[in-house]
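Q: Below is one structure. I have some questions about it.
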Amino acid sequence: MSAPRTATVTRETEETRVRAALALDGRGTSEVSTGIGFLDHMLDALARHARFDLELTCEGDLEIDDHHTAEDCALVLGAALDAALGDRSGIERFGDAHAPLDEALARAVCDLSGRPWPEVHLGLVRERIGAIATENVTHFFQSFAIAARMSLHVDLLRGANDHHRAEAAFKATARALRFAVQRTGDARIPSTKGLLR
């Protein structure tokens, strides 16, 4: 039986207090409370479709705006993914997926390479979706990729409704991650370098 791939990460600053507990080999359950309803909804979708078990709570300075909460939740979640992967041996490493939501279609491609690089092109046009600024939806993906030490490309291929477009992006990313973290049965690190960092 392989060791469980889990991690708990906390981050406390003068702006936020965030805690995330992540299990990669889960059932897709989540308990999320960030103070931003739409972000809670997206993190639930991410956990569900990646089949990760996730507990994440955040107390942030929402009286200022949503930026610090969105960014720090992404940083903590990314750090938890990085920690849960360990040395990244025996994983698929690469993942890609498309996800539709009604008229919207998103594509996500990830490489758990140990080298962070976000390319996120959502084309959102509304100023806000619920209580989150749409620029912070993009920033969430960027911060998540950097903290997780992965290359992440997320592109909106089509769509008109920004709620649908953002949700399709989260679901596509979840499914790409679901494949990338899968165990292969080969204990080697999937790199010609012999390491992923």
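Q: In this structure, does LEU101 turn out to be of a type in the set (A, V, I, L, M), touching a helix residue (DSSP H, G or I) at 6+ places or on another chain (Cβ under 7 Å), farther than 15 Å from LEU81 by Cβ and at pLDDT 95 or above?
A: On the way: of a type in the set (A, V, I, L, M): yes; touching a helix residue (DSSP H, G or I) at 6+ places or on another chain (Cβ under 7 Å): yes; farther than 15 Å from LEU81 by Cβ: yes; at pLDDT 95 or above: yes.
Yes; evaluated as a whole, the condition is true for this residue.
Q: Can you name every residue in the range 153-184 that is outside any helix (DSSP H, G or I), within 16 Å of LEU85 (Cβ to Cβ) and among the basic types (Lys, Arg)? Give the derivation first.
A: Taking the range 153-184 as the starting set, the residues that turn out to be outside any helix (DSSP H, G or I) are 153-161, 181-184.
Then keep just the ones that are within 16 Å of LEU85 (Cβ to Cβ); that gives 181-184.
Hit for the range 153-184 is ARG183, nothing else.
Q: I'm trying to understand the selection: among the residues of the range 21-42, which are within 24 Å of HIS163 (Cβ to Cβ) and not β-branched (Val, Ile, Thr)?
A: Kept after step one, since they are within 24 Å of HIS163 (Cβ to Cβ), are these residues of the range 21-42: 28-42.
Result: GLY28, SER30, GLU31, SER33, GLY35, GLY37, PHE38, LEU39, ASP40, HIS41, MET42.
For every residue, the table says whether it meets (1) free of Cβ contacts under 8 Å to residues at least 12 places away in the same chain; (2) within 23 Å of THR6 (Cα to Cα); (3) under 17 Å from the mean Cα position of the chain (by Cα).
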| position | (1), (2), (3) |
| --- | --- |
| ALA84 | no, yes, yes |
| ILE91 | no, yes, no |
| ALA97 | no, no, yes |
| PRO100 | no, no, no |
| LEU105 | no, no, no |
| HIS121 | no, no, yes |
| ARG128 | yes, no, no |
| ILE132 | no, no, yes |
| GLU135 | yes, no, yes |
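Q: Mind listing whichever residues of the range 49-72 are acidic (Asp, Glu), under 20 Å from HIS139 (Cβ atoms) and buried (at least 18 other Cβ atoms within 10 Å of the Cβ)?
A: Result: ASP66, GLU71, ASP72.
Q: May I ask you to list pairs of residues, at least six apart or on different chains, whose Cβ atoms are under 8 Å apart, with the first in the range 155-182 being closer than 14 Å to LEU124 by Cα and the second being of a type in the set (Lys, Arg) and assigned to a loop (DSSP other than H, G, I, E, B)?
A: Note: pairs meeting the criteria are ASP162/ARG126.
Q: Looking at ALA45, is it within 20 Å of THR6 (Cβ to Cβ), within 16 Å of the chain's Cα centre (by Cα), buried (at least 19 other Cβ atoms within 10 Å of the Cβ) and in contact (Cβ under 8 Å) with a residue 60 or more places away in the chain?
A: Numbers: within 20 Å of THR6 (Cβ to Cβ): no; within 16 Å of the chain's Cα centre (by Cα): yes; buried (at least 19 other Cβ atoms within 10 Å of the Cβ): yes; in contact (Cβ under 8 Å) with a residue 60 or more places away in the chain: yes.
Criteria not met by ALA45.
Q: A follow-up question, please. Could you check the range 64-118 and list, in sequence order, the residues that are of a type in the set (Asp, Glu), touching a Ser or Thr at 6+ places or on another chain (Cβ under 8 Å) and either over 15 Å from VAL181 (Cα atoms) or in a loop (DSSP other than H, G, I, E, B) (or both)? Walk me through how you get there before you give the answer.
A: Just the residues of the range 64-118 that are of a type in the set (Asp, Glu), to begin with: 65-66, 71-72, 82, 87, 92, 96, 102-103, 111.
Then keep just the ones that are touching a Ser or Thr at 6+ places or on another chain (Cβ under 8 Å); that gives 71-72, 92, 111.
Within the range 64-118, GLU71, ASP72, GLU92 qualify.
Q: Are any of the residues in the range 5-13 at pLDDT 95 or above, out of contact with any Pro (no Cβ under 8 Å at 6 or more places or on another chain), buried (at least 21 other Cβ atoms within 10 Å of the Cβ) and part of a strand (DSSP E or B)?
A: Let us first name the residues in the range 5-13 that are at pLDDT 95 or above, namely 5-13.
Right, trim to out of contact with any Pro (no Cβ under 8 Å at 6 or more places or on another chain) and you get 5-13.
Filter again for buried (at least 21 other Cβ atoms within 10 Å of the Cβ), leaving 9.
Keeping just the survivors that are part of a strand (DSSP E or B) gives 9.
Yes, the conditions are met somewhere in the range 5-13.
The values are calculated or read from the model by the stated rules, or taken from the named source; none is laboratory data. As the structure is a prediction and not an experimental result, all values here were calculated from the model. Neighbour counts are summed over all protein chains in view; Cβ atoms, including those assigned to glycine, are modelled from backbone coordinates with ideal geometry.
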